[in-house]
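S.K.: There's a structure below that I have some questions on.
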Amino acid sequence: MLTCLDFLRQLNTGSVLLRLALAVLFGGLIGLEREHKRRPAGFRTYMLVCLGAALTMLLSQYEYVMLTTRWASVASELGIRTDVSRFGAQVINGIGFLGAGTIIVTGRQEVKGLTTAAGLWASACMGLAIGAGFYECVFLGFALIFLSIRLLPKIEDIVIEKARNMNIYVEFQSMDDVGEILNRVKAQNVQIYEVELDRGREEKFRNPSAVLYVRLTYKQPHTQILSAISELESVYTIEEI
Amino acid sequence: MLSVFNSLRDVTLLSVLVRMLLAVLCGGAIGIEREYKRRPAGFRTHILICLGASMTTLTSQYLYLNMHYYTDMGRLGAQVIAGVGFIGAGTIIVTRRRRVKGLTTAAGLWVAAIVGLAAGAGFYEGAIFTTLLILLAELLLSKLEYRIMDSTPEVNVYMEYANRSCLESILQLLRDLSIKVTNLEITRSSESGKHNSCAIFTLQLNKRCTVNALLERMTTTEGVVSVEEL
């Protein structure tokens, strides 16, 4: 461990200020990156979550320090010791709830907001480490989270492009066209393993739609399959989800 | 326990680095496989969860071993198990056909968090072996699953029909062939009568009746507009 930080590992006004500032800075930076991509949780959300988590950890350390100094006589009389991780532990649980709230299921049976939930949760964990004054872990954790958010989408795109599983969303004219669409899909050498149909509503100008879960029998470009289906006149919208 | 890791059992700068990188690697390995299968939780989600979990056990070890605070080392990590459960619960959806989806995704996220806990705690053997087993299970069992799906006697049949009595005669036909209907979904036609009604059957075939023979008999039933195997 770095010995130069030893003074800041203790609880004093300077280290409290530093930790809270670090929480704002690091939470904010991760938030900025997400905000940049127009994700629901942005700059302030991440900052607040991280700051709150750091403060929880500081609070329980403060109580511990008080119990061993100022309140030592009462503590020895009543025989109570406080566990410094009790507060922090509930943060992990609580932010799990908060994250679950950001997850939505779209009309296309797509689950969205998972990465946001995971990111919020990870920055809460980072906030705990900041509050604990575990600077080594904080710097590394921040770097790793930031890099994951920044660089990995590119790798994800490559993986998706090469994947043999595909989820296709189609909107079409009427339910009578389903057979034709399914035939066209099957002609592309793919195996359909699940279909979700939605009849749509005429009075609400909603077209019938379907989500097809397919598996390619061999590797081929996804766009080829999509364009083959879109050639049908009855198909209004087609999208890979 | 493997003695190679003995120098990394304490919380030092090097062990922090190794543990967090291990968490990223394990989370990434589990995640990239899910991403490849186009499941909702992918690469980044798993990495972030695994990394976050590793920070919690690291922090509690740091508080206890390095700072000598009075604390229960398992407390922070224990809440990860519950907290990630909530995030996972968000991925579970009930589809229009009343099927539950996303359970494996939720379970995968949750297990990634546990691997993160082990990595952060310096239980390198546990983290590495578990990741390998998960990958093995995913790769081998999913192959098996697709194979079973190919040879399964269960088929989904999509049918369009003109009127109610037709559906009854189809059900009678299935009963005569002693084919079990495990699931039947009917989407009623709109009031205008412009569209035909459709039904999706999930059927359990028996040896006496092949799919093609069944489809043929269904098509020739009066009132049936079209029959498709899904």
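S.K.: For the range B:124-135: of the residues being touching a helix residue (DSSP H, G or I) at 6+ places or on another chain (Cβ under 8 Å) and of a type outside the set (S, T, N, Q), which is surrounded by the fewest Cβ atoms within 10 Å (Cβ to Cβ)? Walk me through it before giving the result.
M.R.: Pass one, the range B:124-135, residues touching a helix residue (DSSP H, G or I) at 6+ places or on another chain (Cβ under 8 Å): B:124-128, B:130-131, B:134-135.
After this cut, where a residue has to be of a type outside the set (S, T, N, Q) as well, the list is B:124-128, B:134-135.
Numbers: B:TYR124: 20, B:GLU125: 12, B:GLY126: 16, B:ALA127: 25, B:ILE128: 18, B:ILE134: 18, B:LEU135: 15.
Top of the filtered list is B:GLU125.
S.K.: Looking only at the range B:73-88, decide whether some residue is more than 8 Å from chain A (Cβ to nearest Cβ), buried (at least 22 other Cβ atoms within 10 Å of the Cβ) and under 30 Å from A:THR82 (Cα atoms).
M.R.: Yes; the residues of the range B:73-88 include at least one that is more than 8 Å from chain A (Cβ to nearest Cβ), buried (at least 22 other Cβ atoms within 10 Å of the Cβ) and under 30 Å from A:THR82 (Cα atoms).
S.K.: Mind counting the residues in the range A:96-132 that are surrounded by fewer than 24 Cβ atoms within 10 Å (Cβ to Cβ), in a helix (DSSP H, G or I) and at the interface with another protein chain (Cβ under 7 Å from one of its Cβ atoms)?
M.R.: Residues that pass the stated criteria total 2.
S.K.: Pick from the range A:67-95 the residues that are charged (D, E, K, R) and either surrounded by 17 or more Cβ atoms within 10 Å (Cβ to Cβ) or at the interface with another protein chain (Cβ under 9 Å from one of its Cβ atoms) (or both): which of them is nearest to B:LEU65 (Cα to Cα)?
M.R.: Taking the range A:67-95 as the starting set, the residues that turn out to be charged (D, E, K, R) are A:70, A:77, A:81, A:83, A:86.
Next, from what is left, pick out any that are either surrounded by 17 or more Cβ atoms within 10 Å (Cβ to Cβ) or at the interface with another protein chain (Cβ under 9 Å from one of its Cβ atoms) (or both): A:81, A:83, A:86.
Values: A:ARG81: 18, A:ASP83: 14, A:ARG86: 17 Å.
Only one residue tops the list, namely A:ASP83.
S.K.: Find the strands (runs of 3 or more DSSP E) located wholly in the range A:134-228 whose residues include 1 or more that are closer than 27 Å to B:ALA162 by Cβ and facing chain B (nearest Cβ under 8 Å), and list them.
M.R.: On the way: elements: A:165-172, A:190-198, A:209-216.
Per the criteria, A:190-198.
S.K.: Can you tell me which of B:ILE92, B:ILE114 is surrounded by fewer than 23 Cβ atoms within 10 Å (Cβ to Cβ), at pLDDT below 90, on the phi < 0 side of the Ramachandran plot and assigned by TED's automatic domain parsing to the domain that holds B:LEU136?
M.R.: Values: B:ILE114 fails: at pLDDT below 90.
So the residue among B:ILE92, B:ILE114 that is surrounded by fewer than 23 Cβ atoms within 10 Å (Cβ to Cβ), at pLDDT below 90, on the phi < 0 side of the Ramachandran plot and assigned by TED's automatic domain parsing to the domain that holds B:LEU136 is B:ILE92.
S.K.: For the range B:20-52, which positions are among the aliphatic types (A, V, I, L, M) and at the interface with chain A (Cβ under 7 Å from one of its Cβ atoms)?
M.R.: Filtering the range B:20-52 for residues among the aliphatic types (A, V, I, L, M) gives B:20-25, B:29-30, B:32, B:41, B:47-49, B:51.
Of everything in the range B:20-52, those that are among the aliphatic types (A, V, I, L, M) and at the interface with chain A (Cβ under 7 Å from one of its Cβ atoms) turn out to be B:MET20, B:VAL24, B:ILE32, B:ALA41, B:ILE47, B:LEU48, B:ILE49, B:LEU51.
S.K.: Looking at the range A:87-106, I want the residues that are touching a residue at least 12 places away in the same chain (Cβ under 8 Å) and more than 20 Å from A:TYR62 (Cα to Cα) and have a partner that is assigned to a strand (DSSP E or B) and basic (Lys, Arg) with Cβ atoms under 8 Å, at least 6 apart or on another chain. Which pairs are those?
M.R.: Sorted first by the residue in the range A:87-106, then by its partner, the pairs are A:ILE103/A:LYS112.
S.K.: Another question about this same structure. Among all residue pairs at least 6 apart or on different chains, which show Cβ distances below 7 Å where the first residue, located in the range B:2-30, is hydroxyl-bearing (Ser, Thr, Tyr) and the second is crowded, with 20+ Cβ neighbours inside 10 Å and not in a helix (DSSP H, G or I)?
M.R.: Note: pairs meeting the criteria are B:SER15/B:GLY122.
The values are calculated or read from the model by the stated rules, or taken from the named source; none is laboratory data. Predicted, not measured: the structure shown is a model, and the values here were computed from it. Every residue, glycine as well, gets a Cβ built from its backbone with ideal geometry; the counts of neighbours run over all protein chains shown.
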